[in-house]
Amino acid sequence: MIRGLTKAGLGEIGSNENFIRQAARFGFQSVDLNPLELIQQYGNEGALQLLKEHSISIGSFGLEVDWRSTEINFQEGLKPLVEMAEAAAALNCSACCTYILPSTDLPAAPFMIAATRRLRLCADILAAYGISLGLEFVGSHHLRTQWANPFVWKMEDTLEWMGAIQARNVGLLLDSYHWHTNGLTTVDLLKLKPDQITYVHINDAKPLPIEEVQDSDRLYPGEGVIDLTGFLRSLKQIGYTGVVAQEVLSPAPSQSSQELLARSKASFDKVFASLEN
């Protein structure tokens, strides 16, 4: 599996170039960033050279199309998605990700119908460039009632929804935090096939009842109570070989970005060591 970083949990990391350089310095192999922005900054060849120089790949980029609100907003995002997909393909990035909020102020049934059609269209656009779309179920209990109507927050429901979307390049964005807040176990992971997983996020949780765990108050891997040894071993057992990217959503950190990068490296070293034992 590939050690990856998002910018979450790193403080003020600065420019994309600094993000890439520092990720490599601390032993990471991929970063999540905007590929179009990188090409606009450095040109296609310059961006490829920057990544090659530091032995870093772009793990994924976010789906910036607004598929959650109005049809007008959605349609306006499709052309930029094509431009983003072109840039991602040029930089050998093959994953795009989005999250599913577990509740909505919209009527749930019409929203599901619209969202299914919209995500299918996004997936079709991405497929033309060899890119998969990862859907992240969000299990945090307080978000299930944040808005008026319950929506999708379970892994099994997300898998069912993937079937309804009917696009072969749609998979899970599997986040250890949401695996934990759903009360899932390694048995649930072992039921998956590697091609059902587009991307993986890793982080940890405070020693609280899962009903009280807050989505934006996470810990670095290995610093909390999530069974990350079982999580990673299960992924390895089913044959997942893709990116495992740190995503630590938390209040503003008091440490410097260098200290947070060192903390991230130590966290990854700790949890990945379990795969060797």
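Read the figures in this text as sums done on the coordinates, not as results from a lab. Because the structure is a prediction, the values reported are computed rather than measured. Methodologically, a virtual Cβ is constructed for each residue, glycine included, from the backbone with ideal geometry; neighbour enumeration extends over all protein chains shown.
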Cα gyration tensor, the range 102-182 - rounded (a/c under 1.5), prolate or oblate: oblate
The range 51-198 shape via C-alpha gyration tensor axes, a/c threshold 1.5: oblate
The range 72-117-the range 240-275 distance, computed between alpha-carbon centres (Å): 27
For the chain, calculated [θ]222 nm from helices alone, where every DSSP H run of n ≥ 4 adds -39500 (n - 2.57): -13000 deg cm²/dmol
Antiparallel bridge percentage (DSSP; both residues within the chain; nearest 5): 10
DSSP-loop GluC sites (Glu not before Pro) across the range 1-75, with at most 15 other Cβ within 10 angstrom: E12, E64
Cα gyration tensor category, rounded, prolate or oblate, for the range 169-213 with a/c compared to 1.5: prolate
Burial ordering of V244, V187, fewest other beta-carbon atoms within 10 Å first: V187, V244
Two-site label geometry, K236 and R120: point separation in nm, points 7 Å out along Cα→Cβ: 4.0
